[in-house]
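The values are calculated or read from the model by the stated rules, or taken from the named source; none is laboratory data. Just so we're clear, the structure is a prediction, and the values are computed from it rather than from any experiment. Here Cβ is always computed from backbone atoms with ideal geometry, including for glycine, and neighbour counts include all displayed protein chains. Just the protein is used for accessible areas: all its heavy atoms, side chains included, with ligands, DNA and RNA removed. Shrake-Rupley method; radii C 1.70, N 1.55, O 1.52, S 1.80 Å.
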Amino acid sequence: MVENRAGAGGMIGTSAVAMAPPDGYTLLLVSPTFTINPAIKKNMPFDTVKDFTPVAFIARCPLLVTASKKLPVKSARELFDLARSKPSQITYASAGLGSINQISTELIALSAGVRFMHVPYKGGAPALNDLVGGHVDIFVSSLPQVLPLAQSGQAKALAVTSAKRTALLPDVPTLEESGISGFDLGSWWGIAGPARMPANVVNALNAEIGKILASPELGTFLTNEGAEAETMTPQQFGDMMRLETERWTKVAHEANISID
């Protein structure tokens, strides 16, 4: 049974799972927000390491760097060159303070040695509208969210953030091909549970989720969304989330991103 508990940047639903019995019947769908929140928020009602049990990784997909048709660039290289000539003048949209749009764009800027101006919106939809309208210059978001705009020509696809190109946009280069060495970033999804879940329960859930990820039906669905199924052991998934939190903590410090 899926129970949506939206609000407070995912904190409401996450808090509910943290307080649930560790019996394997209450689980949490986690995404990059799970690792971004502790990097940018000073007062957290839970500890993302101590209060949760990593269960299984599900899939990942690249982010796409898109630009307004009005911006005079045709590639990420040209974008970075323009940004170097106009520090803090090129604007980028986000779905709000602390969103993956903001922190990933700041990581790209830091890696490329440029500075952009942040324009936060109350959600992704108004950000997309202003990108299409030319009121903001660039928007970095998950592939499914911006793919229709890129395919229809309403926005320019400049680069994907993953280590390899996506089959859905085979002509769009990676950021590494665009001049940022070793860049590999994407959105992802996984399953976590409350702390102190029994190892046999965690291992059983991990195995069953792995079987589902191997099914052709789910593989086709994920491919159509620009994502790719991937399995990890619970230990590997926990290590990955800790590394993600460390990366976002460093970015948040260098870009001065903080939410009280």
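Couple of notes before you dig in:
- Only lysine pairs 8 or more places apart or on separate chains count here, and in the chain those with Cα atoms under 27 Å apart total 25.
- Over the residues of the chain, the helix contribution to mean residue ellipticity at 222 nm works out to -12500 deg cm²/dmol, using -39500 (n - 2.57) for each DSSP H run of at least 4.
- Only beta bridges with both residues in the chain are counted; by DSSP, about 75 percent of them are antiparallel.
- Those trypsin sites (Lys or Arg not before Pro) in region 168-251 that DSSP places in a loop and that have at most 16 other beta carbons within 10 Å: R196
- For Y92, solvent-accessible area (1.4 Å; no DNA, RNA or ligand), Å²: 0 Å²
- Rolling a 1.4 Å probe across all protein chains gives I90 an accessible area of roughly 10 Å².
- Placing E230, E208, E246 in order of accessible area, with the largest value first and a 1.4 Å probe, yields E246, E208, E230.
- The listed peptides 212-225, 147-160, ordered by packing as a protection proxy, come out as 147-160, 212-225 (highest mean of other Cβ atoms within 10 Å first).
- Whole-number percent relative contact order across region 1-142, with pairs defined as alpha carbons under 8 Å at least 6 apart: 25 percent
- The mean sequence separation of alpha-carbon pairs under 8 Å and at least six residues apart, normalised by the residue count of the chain, gives a relative contact order of 34 percent.
- Matching the structure-derived Cα Rg over 2.2 N^0.38 Å against the labelled list (1) 0.97; (2) 1.07; (3) 1.02 gives the label (3).
- The protection proxy used here, the mean number of other Cβ atoms lying within 10 Å of each residue, ranks peptides 60-71, 76-87 as follows, highest first: 60-71, 76-87.
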